[in-house]
Amino acid sequence: MPFCANQLARLQPLHERMCAHPFLEATRDGTMPDDRFAVWMRQDYLFVEAAIPFISALLPKAPVRHWASLTGVIKALQDELTLFEERAAAVGITLGTVPPAFTTHAYIQFLMATAAYASYAECYTVLYAAEKAYFDSWMVVKAGIASDSTWMPFVENWAGDAFAGYVGHLERELDALASAAGPAELERMARAFELTVRYEIAFWEMAATGEQWPGIEPSDPAR
Ligand code: MP5
């Protein structure tokens, strides 16, 4: 079985938990309070910002045949930042003024550590697993969200045909990288895949609960 299909089968229970997350269901059903959705927007804006140096750090490790697609990803991430800014302006919220939440911070550090210390195939595994997670998550939202929802542009970004094609491309390339990897690297790739899915669940959870950093008490002054 190709690497991606194998990992998706192995991680199916986790994947189902991610797709059934109350954050996604409430966004789909139109019951997500705007201020809670704004938590996700502010945190994901930070994540997308950090994804640009992550992808940039992959270029020196990448085969030359991947350079064009990776630079395309950087451009797409920049367009995504503009999408966030445009949606934030539409609903009157500010971006870039809050620090990363604990989970956002951890996920970004995981990206940076992977880029610094892991092989290209492991880095590509994280990229694929994160993009696939967003595609599948936003497909859940797409299945029921009102067509005039304020959040529709996010659905169109991550659950549209262009993104589906991009995720399919990543899958084929990752399967090719995996078929050239030895057993030890394949094991590290499988671990990176699973960690990424767990971070994705944690990210929805962080947004849904308005997670605080350890050590913060409700009585502390707002930060
Ligand atoms: C993505 C994202 C998708 N924006 N945020 C998280 C937490 N996971 C995955 O990545 P991209 O690069 O924005 O399509």
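Do we find a residue being more than 19 Å from PHE193 (Cβ to Cβ) and within 14 Å of the ligand (Cβ to nearest atom) anywhere in segment 117-135? Even if it seems obvious, please write down each step before you answer.
Narrowing segment 117-135 to residues more than 19 Å from PHE193 (Cβ to Cβ): none.
Scanning segment 117-135, I find no residue that is more than 19 Å from PHE193 (Cβ to Cβ) and within 14 Å of the ligand (Cβ to nearest atom), so the answer is no.
Only one residue in ILE145, ILE201 is surrounded by 18 or more Cβ atoms within 10 Å (Cβ to Cβ) and within 14 Å of the ligand (Cβ to nearest atom). Which one? Full working, then the answer.
Values: ILE145 fails: within 14 Å of the ligand (Cβ to nearest atom).
So the residue among ILE145, ILE201 that is surrounded by 18 or more Cβ atoms within 10 Å (Cβ to Cβ) and within 14 Å of the ligand (Cβ to nearest atom) is ILE201.
Can you name every residue in segment 174-194 that is touching a helix residue (DSSP H, G or I) at 6+ places or on another chain (Cβ under 7 Å) and in a helix (DSSP H, G or I)?
LEU174, ASP175, LEU177, ALA178, GLU185, LEU186, ARG188, MET189, ALA190, ALA192, PHE193
When you scan segment 116-125, do you find a residue that is touching a Phe, Trp or Tyr at 6+ places or on another chain (Cβ under 7 Å) and not in a loop (DSSP other than H, G, I, E, B), even just one?
Initially, segment 116-125 is screened for residues touching a Phe, Trp or Tyr at 6+ places or on another chain (Cβ under 7 Å), giving 125.
Right, trim to not in a loop (DSSP other than H, G, I, E, B) and you get 125.
Scanning segment 116-125, I find at least one residue that is touching a Phe, Trp or Tyr at 6+ places or on another chain (Cβ under 7 Å) and not in a loop (DSSP other than H, G, I, E, B), so the answer is yes.
Condition test on ALA113, is it within 29 Å of GLU211 (Cα to Cα), away from the ligand (no atom under 13 Å from the Cβ), within 18 Å of the chain's Cα centre (by Cα) and not in a loop (DSSP other than H, G, I, E, B)? Working first, answer last.
Working: within 29 Å of GLU211 (Cα to Cα): yes; away from the ligand (no atom under 13 Å from the Cβ): yes; within 18 Å of the chain's Cα centre (by Cα): yes; not in a loop (DSSP other than H, G, I, E, B): yes.
Spelling it out, ALA113 is indeed within 29 Å of GLU211 (Cα to Cα), away from the ligand (no atom under 13 Å from the Cβ), within 18 Å of the chain's Cα centre (by Cα) and not in a loop (DSSP other than H, G, I, E, B).
A quick yes/no check of all residues on (1) more than 14 Å from ALA121 (Cα to Cα); (2) charged (D, E, K, R); (3) within 14 Å of the ligand (Cβ to nearest atom):
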| site | (1), (2), (3) |
| --- | --- |
| ALA50 | yes, no, yes |
| PRO53 | yes, no, yes |
| LEU58 | no, no, yes |
| HIS66 | no, no, no |
| LEU70 | no, no, yes |
| ILE74 | yes, no, yes |
| GLU80 | yes, yes, yes |
| LEU83 | yes, no, yes |
| VAL91 | yes, no, no |
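If I filter segment 92-104 for residues that are in contact with an Asp or Glu (Cβ under 7 Å, 6 or more places away or on another chain), in contact (Cβ under 8 Å) with a residue 60 or more places away in the chain and either among the charged types (D, E, K, R) or crowded, with 17+ Cβ neighbours inside 10 Å (or both), do I get at least one hit?
Looking only at segment 92-104, we keep the residues that are in contact with an Asp or Glu (Cβ under 7 Å, 6 or more places away or on another chain), and these are 95, 101-103.
Subsequent filtering for residues that are in contact (Cβ under 8 Å) with a residue 60 or more places away in the chain retains 101-103.
Filter again for either among the charged types (D, E, K, R) or crowded, with 17+ Cβ neighbours inside 10 Å (or both), leaving 101, 103.
So far as segment 92-104 goes, yes, one or more of its residues are in contact with an Asp or Glu (Cβ under 7 Å, 6 or more places away or on another chain), in contact (Cβ under 8 Å) with a residue 60 or more places away in the chain and either among the charged types (D, E, K, R) or crowded, with 17+ Cβ neighbours inside 10 Å (or both).
Please work out if ASP175 is within 16 Å of the ligand (Cβ to nearest atom) and out of contact with any Ser or Thr (no Cβ under 6 Å at 6 or more places or on another chain).
No.
Are there any pairs, at least 6 apart or on different chains, whose C-beta atoms fall under 9 Å, with the first in segment 200-214 and closer than 16 Å to PHE110 by Cα and in contact (Cβ under 8 Å) with a residue 24 or more places away in the chain and the second more than 9 Å from the ligand (Cβ to nearest atom) and basic (Lys, Arg), and if so, which?
ILE201/ARG17
Could you tell me whether segment 121-141 includes any residue that is surrounded by fewer than 14 Cβ atoms within 10 Å (Cβ to Cβ) and more than 30 Å from ARG188 (Cα to Cα)?
Among the residues of segment 121-141, not one is surrounded by fewer than 14 Cβ atoms within 10 Å (Cβ to Cβ) and more than 30 Å from ARG188 (Cα to Cα), which makes the answer no.
Does GLN43 fit the bill of being within 11 Å of the ligand (Cβ to nearest atom), more than 19 Å from THR196 (Cβ to Cβ) and either without any contact (Cβ under 8 Å) to a residue 24 or more places away in the chain or in a helix (DSSP H, G or I) (or both)?
For GLN43, the condition - within 11 Å of the ligand (Cβ to nearest atom), more than 19 Å from THR196 (Cβ to Cβ) and either without any contact (Cβ under 8 Å) to a residue 24 or more places away in the chain or in a helix (DSSP H, G or I) (or both) - is not met.
Checking the conditions here, which among PHE154, PHE163 is buried (at least 19 other Cβ atoms within 10 Å of the Cβ) and modelled with pLDDT of 95 or more? Even if it seems obvious, please write down each step before you answer.
Working: PHE163 fails: buried (at least 19 other Cβ atoms within 10 Å of the Cβ).
Residue meeting the stated conditions: PHE154.
The values are calculated or read from the model by the stated rules, or taken from the named source; none is laboratory data. Here the structure is a predicted model, which means the values were calculated and not measured. FYI the Cβ positions are ideal-geometry reconstructions off the backbone, even for glycines, and counts take in every protein chain you see.
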